[in-house]
Amino acid sequence: MTYKIGAGRDVATPVRADNPNGQIATKLRALYLSVQEEAIPDRFLDLLEKLDAVERRSLSDVAE
């Protein structure tokens with residue numbers, strides 16, 4: 001059994017056909033790796049930057 005992972009890499013994972021847990025684990029691993037390599041959306045990055053700015057302002061207010 002071979003799964004595509006990430007940027008076109010193939011990973012051959014021997015999984016016995018009678019082992020459903022092994023098959024599930026292999027598919028979940030492949031899904032996790034493909035999601036891990038996805039880019040973070042710009043909208044989400046903008047939100048994180050806004051949250052950081054608010055946090056910095058609140059920390060500077062506490063320090064005064």
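Stretched out straight at 0.36 nm per residue, the stretch from SER58 to LYS27 would grow longer than its current Cα-Cα span by 6.8 nm.
Highest mean first, the peptides 46-57, 26-37 sorted by other C-beta atoms within 10 Å per residue fall in the order 26-37, 46-57.
No lab work stands behind these numbers, since they all come straight from the coordinates. What you are looking at is a predicted structure, and each value in this text was computed from that prediction instead of being measured. When we count neighbours, we look across all protein chains shown, and the Cβ atoms used for this are built from the backbone with ideal geometry, even at glycine.
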